[in-house]
1. Can you work out ³J(HN,Hα) from phi for every residue in the stretch 8-21, in order, using Karplus 6.51 cos²θ - 1.76 cosθ + 1.60 and θ = phi - 60°, giving whole Hz and x for Gly and Pro?
2. Would you tell me the accessible area of ASP9, worked out with a 1.4 angstrom probe on the heavy atoms of the protein chains, in Å² to the nearest 10?
3. About its Cα centre, what dipole magnitude does the chain give when the only charges are +1 on Lys and Arg Cβ and -1 on Asp and Glu Cβ, stated in debye to the nearest 20?
4. Which loop GluC sites (Glu not before Pro) in the stretch 131-161, with loop taken from DSSP, have no more than 11 other Cβ atoms within 10 angstrom of their Cβ?
5. Per-residue ellipticity at 222 nm for the chain, helices alone: DSSP H runs ≥ 4 residues times -39500 (n - 2.57), over residue total, nearest 500 deg cm²/dmol?
6. Could you give the nm distance between label points at ALA136 and ARG64, where each point is 7 Å from its Cα heading toward the beta carbon?
7. What residues qualify as long-range amide H neighbours of THR29, i.e. H under 5 Å apart, gap of 5 or more or another chain, H built at 1.01 Å from N?
8. Express the relative contact order of the chain as a whole percentage, based on alpha carbon pairs under 8 Å and six or more residues apart in sequence.
Amino acid sequence: MAPTPSLVDLLHHPVRWRIVQALVGRPQTTGQLAELLPDVPTTTLYRHVATLVQAGVLLVTDERRVRGTVERTYTLNTAAGDADNEGVDRERLRAMFTVFMAGLAADFDRYLGREVLDPMADGVGMRQGALWLSDAEFAELQAKLQEALAPFIENQPGAGRVRRILSTVVIPDP
């Protein structure tokens, strides 16, 4: 039996990466994924969803019968990347970062594909800053960020709501 590929290896495939991105913060059926990824052939989409389920990246959270078939609802297994953080080497960490950056670039390209762009009104921003923090202050910052985001994490789609992608990168500067 072949070894299970790592999360990094799985997500290096662009279709699998797009499936994962489509599921960030929202469960989807394969039909809904097909609507979000209309350029991906249905058979290809089903094959990659099955690969991600088998690897434990996606979880089946609901099943219902629709016209004689079973429609499954998928969600991200947010703990799937945890094993990749244990004993990670430089090259693996670089690959993980590359995958993250590729996803960020893909998100931005999708934004640039809009017919009308208004970065100010859309809240598009890119900032980088340096903070001098002790380990205790950094832990406090992380806790406060989680506290600030907590009231919004469970928001569902609704009138006037726009899905926004929030990405953060924290790197200690030696």
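The values are calculated or read from the model by the stated rules, or taken from the named source; none is laboratory data. What you see is a predicted model, and the numbers here were worked out from it, not measured in a lab. As a convention, Cβ positions derive from the backbone with ideal geometry for all residues, glycine included, and neighbour counts pool all protein chains shown. Heavy atoms of the whole protein, side chains included, go into the accessibility calculation; ligands, DNA and RNA do not. Shrake-Rupley method; radii C 1.70, N 1.55, O 1.52, S 1.80 Å.
1. Calculated HN-Hα couplings, in order: 4, 4, 4, 7, 6, 7, x, 5, 5, 4, 5, 4, 4, 4 Hz.
2. About 90 Å², rounded to the nearest 10.
3. Details: 18 positive and 22 negative charges, 147 e Å.
That gives a dipole near 700 debye.
4. Numbers: sites: GLU137, GLU140, GLU147, GLU154; in loops: GLU154.
Those satisfying the criteria are GLU154.
5. On the way: 7 runs with 80 residues, N = 174.
Rounded to the nearest 500, it is -14000 deg cm²/dmol.
6. Taking the simple label geometry, ALA136 and ARG64 are separated by 5.2 nm.
7. Counting only residues 5 or more places away or on other chains, the set is TYR74.
8. Numbers: 97 pairs, mean separation 32.9, N = 174.
19 percent.
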